[in-house]
Each structure stands twice: as structure tokens, then as C-alpha cells.
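Student: Could you have a look at this structure, given as C-alpha cells, before my questions?
No value in this document is a laboratory result; all are computed from the given coordinates. Because the structure is a prediction, the values reported are computed rather than measured. Using ideal geometry, Cβ is built from the backbone for each residue, glycine included, and neighbour counts are taken over all protein chains shown.
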Amino acid sequence: MTEIYEEAVKFENVRFSYEGKGDGVSATEETESDGFFDGEGFALRGVSLSVKKGEFVALLGHNGSGKSTLARLINGLLFPTSGKITVLGREVTDDKNIFEIRRRVGLVFQNPDNQTVASIVEDDIAFGPENVGVPRKEIGERIEFALNAVGMSKFRYATPARLSGGQKQRIAIAGVLALKPEIMILDESTAMLDPRGRREVVEVVKRLNEEEGITVLLITHFPEEALLADRAIVMNKGEVVMEGRPEEILGRSEDLRSFRLLPPRPLRICEQLRAGGLEIADCFGAETLATEIASALSHAAEKPQEVGAGVRLSENETEQNDTVTGDLGEILCENLSYVYNPNSPFSTHALSGVDLNVGAGEFFGIIGHTGSGKSTFVQHLNALIKLPTAQKKYKAKKPKKGEAPLPATRLTVGGFDLTDKTTDFKALRSKVGMVFQYPEYQLFAETVFDDVAFGLKNFAKEPLTDEQTAEAVKEALSTVGLDYAEVKNRSPFELSGGQRRRVAIAGVIVTKPEILVLDEPAAGLDPLGKEEIMKLLHKIHKDWCKTVIIVSHDMDEIAENCTRAAVFSAGKVVRACSPKALFSAPEQLISLGLDIPFTAKVTEELEKRGVKAQSDFTSGDFVRSVLALFGELPAGGEASHA
Amino acid sequence: MRDVTFGQYYPVDSPVHKCDPRTKILFLILYIVAVFSAKNFFGLGACAFAFLIITLCSSVPIGSIFRSVRGVVFLLLFTAILNLFFYSGGEPLVKWGIIEISKEGIYYTVFLAARLILLVMGSSLLTLTTTPVSLTDGIESLLYPLKLVRFPVHELALIMSIALRFIPILSDETARIMNAQRARGADFETGGIIKRVKAVVPVLIPLLISAFRRADELGDAMDARCYSGSKVRTKYKKLRFGWRDAFACLFGVALLTAVLLFRAYFAHVV
């Protein structure tokens with residue numbers, strides 16, 4: 001069959017409404033629930049677009065913009081209400097074509113856990129080819145090809161459950177690839193991954209596009225991912241609102257913000273520099289930005305200009321010391337070890353001698369790879385994992401003769417001794433609040449009010465009056481930015497994902513804990529949502545909880561927000577210091593395979609170019625210190641720097 | 001549960017582990033028939049002997065196997081006591097009301113207990129040496145003939161395989177939800193049965209909702225990968241029947257023959 005079509009995908013004035021289509025609503029609930037449906041309830045309102053064969057298109061849009069609906073329309077998981085969709089020259093609305101279209105259009109979803117059918121990688125990848133009746137021998141070859149293409153050959157016989165998010169998502173891509181598709185759609189496939197996983201996935205997709213000639217439609221809410229694409233399309237409220245070269249689209253930051261998209265961090269820094277008077281072009285990478293700054297500096301040295309006038313670093317700003325001020329003993333941990341499944345072939349040392357101090361009033365960060373022990377450590381903090389000595393049946397063993405006694409473990413949190421079984425653990429838990437990953441999935445009550453009040457009632461020493469409960473719930477809900485009167489009687493499941501997360505946080509802070517621990521509080525949110533959550537945490541830190549501890553994979557987040565951070569590796573704390581100290585000597589992090597924040601990358605690049613910009617690596621301070629460089633230039637153009 | 005392929009699989013490399021799962025299932029069936037056919041200690045002895053040889057080949061520590069007996073210890077004691085006290089016939093050694101203990105009674109009780117222990121240990125040896133995944137493959141393959149009577153063998157196998165895939169995910173999720181609620185003062189450990197059941201409800205709701213959500217997404221993902229359950233479907237994984245398996249089957253048949261011979265030529269237990 002000769003195929004004469006240039007467009008891989010073509011939408012002609014497509015409208016789509018979930019109304020009257022019970023089927024499918026729940027499937028997209030996750031992505032669309034942030035919820036826009038206008039009066040007519042159309043998720044797509046007359047979309048026309050086309051993707052050429054071999055093209056790499058990035059589709060950007062805030063939650064509820066209709067971008068996921070679009071993906072499902074392309075391979076016939078949903079049918080348009082009106083309009084025409086042509087995929088590889090075939091009309092999607094024709095039932096006869098569906099199977100053929102699905103074979104040629106691979107769709108990778110958001111949640112890496114929910115798209116694998118088998119417990120062994122190779123079996124899962126075989127699933128697609130088996131479905132279309134590929135002969136056995138060829139399936140073997142396709143598995144090999146697919147795993148190679150995503151760089152996962154080593155994991156052919158592995159169990160998906162043990163892989164990292166990025167690896168799982170690459171397996172999901174391989175599973176689609178084994179069908180030899182011509183088009184690949186990634187429906188927010190990076191949303192639930194950490195920055196490293198995101199990079200892995202996007203790089204694989206880019207390679208597939210270049211080397212295998214696969215047409216790619218990358219749907220994402222991270223604008224920076226669009227940079228690898230040939231073309232970017234922005235959707236808002238069911239309509240295509242912007243289209244063009246990615247650099248050009250991302251440069252229009254005002255417009256992006258109006259569609260609830262946050263421009264990439266490098267661009268935001270460029271903007272701030274421009275606001276400080278520095279003429280600088282938009283840059284997307286650390287290297288280009290460093291080059292720009294360095295060349296601007298040498299120009300300025302020759303021809304002084306009004307840049308950064310009056311910007312000077314005050315002494316105490318540059319001198320940020322590494323030790324904690326205030327009470328160091330809010331959390332005091334010495335020699336903490338923990339083994340999962342002891343005395344079995346599966347036993348794993350999750351913690352092997354953790355030493356860590358956190359001071360009262362800190363905004364503390366915990367970083368490390370999956371499996372480095374950080375989650376296990378955090379669960380010790382409010383005795384979700386109890387130390388052996390704190391367990392009811394514990395009896396002190398007499399040390400055997402000739403055996404050196406093990407070094408004692410110490411763990412006190414907020415004044416409670418966690419090694420002692422007589423400690424009041426309930427009181428401890430009311431003082432140490434804990435917010436787990438994706439807390440919105442842990443809501444259960446009929447109304448928002450009941451859910452938030454759950455902890456309050458559990459911890460109350462004497463039953464609270466209705467007024468007291470209502471007062472506390474109201475305060476907690478308004479702190480997280482929700483309108484008490486509006487949401488209190490609604491079911492938590494009616495709310496949008498972002499609102500649900502806020503309800504979950506309210507349910508923890510309602511008891512006014514002194515220490516609040518959050519495991520990846522910003523995971524899965526779009527950049528704007530991440531920013532809002534971090535703002536919320538600062539507010540909570542200021543008004544409610546003395547000490548806040550976050551576990552995070554995002555180094556920019558750590559650099560921007562934390563007073564100090566601890567690096568976990570192989571069950572130990574290998575470093576605990578201020579972000580400034582941590583990122584100004586980044587070799588250790590890099591050798592552990594961890595990231596460094598963008599500002600640290602630029603600082604490093606600047607140093608290579610002979611420019612020293614000292615900052616604490618928050619973007620605000622970084623911009624200040626760069627501007628200060630200009631202010632320090634001796635007047636009259638006697639350039640002294642290299 | 002964390003990070004464990006659930007079940008009791010004991011990960012070592014041994015000839016028993018390498019056997020085709022179908023062989024192991026078939027052997028277990030032969031073994032069970034043999035244990036039930038044994039009417040005297042010679043027969044049971046033969047079964048125990050076979051069991052010991054396989055255990056030695058499997059490199060599974062005997063302790064792990066005994067652990068499986070722990071689970072049925074109550075059942076074991078219960079039947080043993082009933083048998084001991086209420087076995088009628090034989091000369092009573094002790095008589096106390098309607099309860100009488102005879103020599104034959106003791107003999108019979110020991111025999112039944114030994115039979116039960118052998119059964120339990122034999123089955124647990126299968127799960128100790130076979131991953132749930134290959135067990136599923138084995139069952140699917142053995143059930144294949146049922147396709148002729150339109151039994152949905154493939155669908156059943158797929159359901160089992162998906163269930164296996166999601167058990168660790170859902171168990172992690174359960175742990176996380178419970179932890180989140182314990183952190184908010186929920187108490188799952190103390191209190192009467194009603195209080196404990198009540199405490200579980202807030203765990204079940206988010207768990208169920210999440211399971212449905214996952215099922216929905218998985219359904220879409222399967223659709224997108226062309227799943228239709230149709231006849232064109234091929235199967236990548238092929239189980240191989242090797243010399244090891246032939247040998248194991250012969251061994252199983254030999255065991256059963258021996259037990260039947262003992263049954264015919266030696267006296268019954270009582």
C-alpha cells in the first residue's frame with residue numbers, strides 16, 4: 001500500500017465533550033480534574049492542528065487545557081464530538097481503522113506503575129507484539145531492539161517494581177516501541193518523575209525521533225522540555241493558543257504565565273537580570289548564560305554602563321555560616337540503623353549508622369537517591385518505625401562476653417526520646433506532623449471537614465466541642481489557602497488534584513505540630529503548582545510549625561528554600577550543611593549521581609570563564625551577585641578580570 | 001513486605017529451581033496422591049524419602065520449610081487430639097468417660113499428623129522454589145486443553161499475572177496510607193475488634209479508589225497496546241521441558257509405584 005500523506009496527525013476543527021460519555025471521564029480525571037469545563041462542557045473547542053511525519057512536537061498546557069484529551073482522541077480511546085481527525089492518512093472515527101491506528105500510534109501514559117501488565121520486564125514488552133500476533137522469534141528480536149533503544153538492555157529480566165520512576169517509564173516506552181509505531185505520544189509521561197528521570201525519558205524520546213524517525217508528540221506541563229522539539233504548541237482551555245519554534249514560544253513569558261505555565265528557570269533568571277538593568281538575551285542553558293554574562297562583563301569593563309547600580313552584597317549576606325544557630329537538638333540522631341526483613345534472604349540495610357542534627361526553626365532538606373534510606377529515616381522521626389528498644393516486647397540483652405558492645409543509638413525528636421519504650425508516642429505524633437508522597441490519595445472521609453478533623457479528634461486528650469473543632473479546621477484550611485465555607489461540606493474527591501493536596505496538608509497541620517515532615521511535597525505538580533506549594537510551606541514555617549523538613553529530588557527546590565540540607569547515600573548521611581556550602585563544592589554530589597541546581601551550574605561555568613559570582617545559589621541572590629559584579633567594576637574601563 | 005517478591009520464594013540457583021514449573025506442579029500432584037495412598041509407614045517413609053532428596057537438591061534451608069508447618073500447627077494439634085481421644089477400636093490403654101486412648105489410636109494419630117506435615121511441606125517446597133510468575137505460566141500451560149471447552153484460559157492467566165504485578169504496588173500503597181493515618185493519630189493495634197475494624201475503613205476507602213483508578217489507567221494502556229484478546233494473539237514465552245523434567249517425572253511415577261506396592265504388600269496402619 002502506498003501511503004501518500006504528509007501529516008502524521010491532523011485535527012480539523014475538533015470539538016470534544018465529556019458530557020454524556022460516562023466512559024472515559026474517570027480515565028482522564030487525573031489530568032483534567034483541575035478542572036475547566038466551560039458552560040457547554042467542551043474539553044476541546046475547535047482544535048485544528050497538524051503534525052508532520054518525522055516531526056517532534058511538544059504540546060504544552062496547564063492541567064485541564066485539554067491536552068490529554070487530545071492524546072486519547074488520536075488513538076481512538078475517545079471519539080470526537082464533532083470535527084475530523086486523520087492519523088497516518090486514516091480517519092480515526094472509522095471503527096475499521098482503530099486497531100491499525102493503535103498499532104502505529106504508541107501512547108505512553110503518566111503513571112509508570114499503571115501501564116505494565118507483567119512482573120518481568122521482557123514479558124511486559126512482549127505484551128504488545130503478542131497482541132498483534134507477531135511470531136515468537138521476532139518478538140524476541142523486538143524486545144532486544146526496544147530495550148536497546150531506551151538503554152535498558154541490562155534490565156531485561158528485572159522486576160518493574162524495583163526500578164526507579166525514570167526506568168519504569170523507559171520500560172513503558174520500550175513496551176510501546178516493540179509494536180514498531182510510527183508515531184509516539186507521551187501523555188505527561190514525565191509528570192511524576194524526578195528531574196533526573198525526566199531527563200532520561202526526554203533524551204530517549206529525542207533519540208527515537210532522530211535515529212528511528214518516529215514522529216513524536218510530547219505532552220507536558222514542563223515548558224523546558226519543549227526545547228528539544230522542532231515545534232511547540234500551547235493549549236489553554238481547549239484551544240490552541242500559541243504555536244511556533246520552542247525558543248520563540250518560551251521567550252514569550254507574559255503569555256505563558258497567562259496560560260498558567262511557568263517559563264523555565266534559566267529564562268526567569270535572564271528576566272531578573274534584565275530587570276536589574278543588564279542587557280542580556282534569553283538563554284536556556286547554563287553554558288550559554290555564563291557566556292552571555294561573561295561577555296556582557298567584558299563589554300561593560302570597556303564601556304561602563306548603568307548596571308546593577310547600588311547593588312552591593314552586604315557582608316552578612318555573603319557570610320552565611322555553616323553551623324546552625326539556635327537550639328541544635330530539635331532532632332538529634334546518632335548511629336541509627338535499620339534493616340528491612342532481617343534474617344531473610346531479602347534483608348536489606350536501609351540505614352547503617354545515621355548521624356544527624358536538625359535545629360529548631362530550620363527549613364531542612366533531605367536529598368538522596370531512591371533507596372538511599374531517606375524515607376526510612378523520615379519514618380523514624382514520628383515512630384512509624386519504632387526502634388527495637390522502643391518496642392513493647394523489647395528486653396535488654398546482656399552483652400556476650402568478649403563481644404564489643406554496639407555503639408548506642410540515640411534518637412530524640414522535639415524532646416521525646418525515641419529509644420525509650422515508655423515514651424508517649426501519641427503525644428510525639430501530634431508534635432511531629434508527617435505528610436507522605438501524593439497525600440491527596442490518602443484522603444478518605446465523606447467531607448473535607450471530617451478529613452481535616454480526623455487527626456484533631458484522634459489526638460485530643462478530652463473530646464473537643466464542635467466549636468473548637470470547627471475553629472481549628474477553619475484555621476488550617478484557610479492557612480493552606482482554601483475557602484472554609486466553600487469546601488468544608490464537599491467531598492474531597494470532588495476537588496482538583498492541587499486542592500486535594502492542600503486539604504491533606506491541612507489535615508496534618510491542624511494539630512499544630514512543631515515539626516512538619518513532608519516527603520516530596522511538590523511531586524507530580526506542574527512548575528507553577530510546585531512554586532505555590534513551596535510558598536505555602538514557607539507560610540506554614542513562619543506561622544505554624546517551627547521546623548519544616550522536606551525530602552526532595554529537586555536541587556533547585558533545595559537551593560531556593562532550605563536553610564540546611566542532608567545528603568543521604570547508602571543508608572548514611574554523607575553531608576549535612578547549608579545549600580551554599582553544599583553546592584559550592586558540588587563534586588561530591590556529582591560523584592553520587594545527584595544533580596546540582598541551575599544557579600550552581602552557571603556559577604561553575606562562570607568560574608571557567610574567570611568570573612567569580614558568589615551567591616547562596618537561590619536565584620534571587622545569584623542575580624544580585626551577578627549584578628554586583630557590574631557594580632564593582634572600576635569606573636573608567638580598567639578591566640581587571642580575565 | 002517492602003521490596004520483596006511476595007510469597008515465600010527462596011532465591012537460590014538449584015536444579016529444582018530450574019525445573020519447568022509444569023513439572024513441579026505435576027510432581028506435586030503425584031506426590032500428594034502418593035501421600036494419600038500410603039496406608040502404612042512404609043509408604044509414608046517412601047514419600048518422606050522423596051521429599052528429603054528433593055529438599056536437598058533445592059538448597060532451600062530446612063528451616064524455611066518447617067516454618068510453613070507453623071501455619072498449620074493449630075489444625076494439626078486439633079485433629080491429632082480429636083483422633084487421639086475419639087479413635088474407637090483397639091484396646092484402651094486409658095479410659096476416662098467417653099474418652100479412651102488406645103495403642104492403635106496413638107499409632108493412627110501419629111500417622112495422620114505425619115501425613116499432614118508431609119503434605120504441607122511438599123506444597124511449600126513448590127512455592128519456595130518457583131516464582132509466582134512462572135507458577136502462573138505453568139498453570140496456564142497445564143490448563144491449555146480446557147480451551148477446547150471454551151474455558152477462558154488466556155484471560156485467567158492474564159488476570160493472575162496482572163494481580164501478581166499489582167500486589168506489591170497495592171501493598172506498598174496500603175502501608176503508606178496506614179502510615180499516613182498512624183501519623184495522624186489513628187490506632188490499628190489496640191482496642192477491641194469493632195474498634196479495629198472501624199480503624200481499617202479509612203484505609204480501605206482510599207485503597208479501593210486508588211485500585212479503581214489504576215485499573216482504569218491500566219485498561220487504557222492495554223487498549224493502547226492493541227489488546228483485544230483475539231485469536232491472532234501469539235505467545236512469546238515458551239516453557240521448556242528438558243531432561244531434568246523427564247527425570248523428575250520418572251521419579252514421581254516411581255514414588256507413586258513404590259507407595260502403591262507397599263500398600264498392597266504390607267499391613268495397613270491398624
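Student: So for the range A:174-312: antiparallel DSSP bridges make up what percent, rounded to the nearest 5?
Tutor: Close to 50 percent.
Student: Select from A:S298, A:G197, A:A585 the residue farthest towards the positive end of the dipole of the protein assembly as shown; place +1 on Cβ of Lys and Arg, -1 on Cβ of Asp and Glu, and compute about the Cα centre.
Tutor: Projecting each Cα onto the dipole axis, the largest value belongs to A:G197.
Student: Give, rounded to the nearest 20 debye, the magnitude of the charge dipole that chain B has about its Cα centre when Lys and Arg contribute +1 at Cβ and Asp and Glu contribute -1 at Cβ.
Tutor: The calculation lands at about 340 debye.
Student: When a/c reaches 1.5 or more, the comparison of a/b and b/c decides; with that in mind, is the range B:63-222 rounded, prolate or oblate per its Cα gyration tensor?
Tutor: Here the range B:63-222 falls in the oblate category.
Student: Could you work out how far helix B:41-58 tilts from the main Cα principal axis of chain B, as a 0 to 90 degree angle to the nearest 10?
Tutor: 40 degrees
Student: Hey, what number do you get for chain A at 222 nm if only DSSP H runs of n ≥ 4 count, each worth -39500 (n - 2.57), divided across all residues, to the nearest 500?
Tutor: One gets -11000 deg cm²/dmol as the mean residue ellipticity at 222 nm.
Student: Quick one: helix B:132-143 against the long Cα principal axis of chain B, what's the angle to the nearest 10°, folded into 0 to 90?
Tutor: 70 degrees
Student: Something else now. Roughly how crowded by other chains is peptide B:172-179, in terms of the mean Cβ count from those chains within 10 Å of each of its Cβ atoms?
Tutor: Counting Cβ atoms of other protein chains within 10 Å of each residue's Cβ and averaging gives 4.
Student: Taking a ≥ b ≥ c as the square roots of the Cα gyration tensor eigenvalues, with a/c under 1.5 meaning rounded and otherwise prolate when a/b beats b/c, else oblate, which class fits the range B:129-270?
Tutor: oblate
Student: By how many degrees, 0 to 90 and rounded to 10, does the Cα axis of helix B:193-224 deviate from the longest principal axis of chain B?
Tutor: Between the helix axis and the principal axis of chain B, the angle is about 60 degrees.
Student: Same structure again: With charges set only on the Cβ (+1 for Lys and Arg, -1 for Asp and Glu), what does the dipole of chain A come to about its Cα centre, in debye to the nearest 20?
Tutor: That gives a dipole near 2360 debye.
Student: What is the Cα convex hull volume of the range A:38-197 when expressed per residue in Å³?
Tutor: Dividing the Cα hull volume of the range A:38-197 by its residues yields 128 Å³.
Student: For a label point 7 angstrom out from the Cα of B:R244 toward its Cβ, which stretches of the range B:107-148 have the backbone nitrogen within less than 16 Å?
Tutor: Taking a point 7 Å out along Cα→Cβ of B:R244, the residues of the range B:107-148 whose backbone N falls under 16 Å are B:126-132, B:134-135, B:138.
Student: Here's a follow-up. Can you bin chain B into rounded, prolate or oblate? Criterion: square roots of the alpha carbon gyration tensor eigenvalues sorted a ≥ b ≥ c, rounded for a/c under 1.5, prolate for a/b above b/c, oblate for the rest.
Tutor: Since a/c reaches 1.5 but b/c is at least a/b, the shape of chain B is classed as oblate.
Student: Could you please report the charge total around A:P266, scoring K, R as +1 and D, E as -1 over all other residues with beta-carbon less than 9 angstrom from its beta-carbon?
Tutor: The answer is 0.
Student: Choose one of A:C283, A:L261, A:Q272: the residue whose Cα lies farthest towards the positive end of the charge dipole of the range A:240-288 (beta-carbon charges +1 Lys, Arg; -1 Asp, Glu; about the Cα centre).
Tutor: Checking the options against the dipole of the range A:240-288, the answer is A:L261.
Student: About the Cα centre, and with charges only on the beta carbon of Lys, Arg (+1) and Asp, Glu (-1), how big is the dipole of the range A:405-558? Nearest 20 debye, please.
Tutor: For the range A:405-558, the charge dipole is close to 440 debye.
Student: Considering only DSSP beta bridges whose two residues both sit in the protein assembly as shown, what percent are antiparallel, to the nearest 5?
Tutor: Within the protein assembly as shown, antiparallel bridges account for around 55 percent of the total.
Student: May I pose another question? Of the peptides B:262-268, A:213-219, how do they stack up when ordered by the mean number of other Cβ atoms within 10 Å, highest first?
Tutor: Top to bottom by mean Cβ count within 10 Å: A:213-219, B:262-268.
Student: Neighbouring Cβ atoms within 10 Å as the yardstick, rank B:I99, A:I233, A:I101 fewest first.
Tutor: By the 10 Å Cβ count, ascending: B:I99, A:I101, A:I233.
Student: Would you be so kind as to identify which of A:Y438, A:A470, A:A408 lies farthest towards the positive end of the dipole of the range A:398-513, taking Lys and Arg as +1 and Asp and Glu as -1 on Cβ and the Cα centre as origin?
Tutor: A:A408
Student: Evaluate peptide A:161-171: per residue, the Cβ atoms of other protein chains within 10 Å of its Cβ; return the mean as an integer.
Tutor: Going residue by residue through A:161-171 and averaging, the value is 1.
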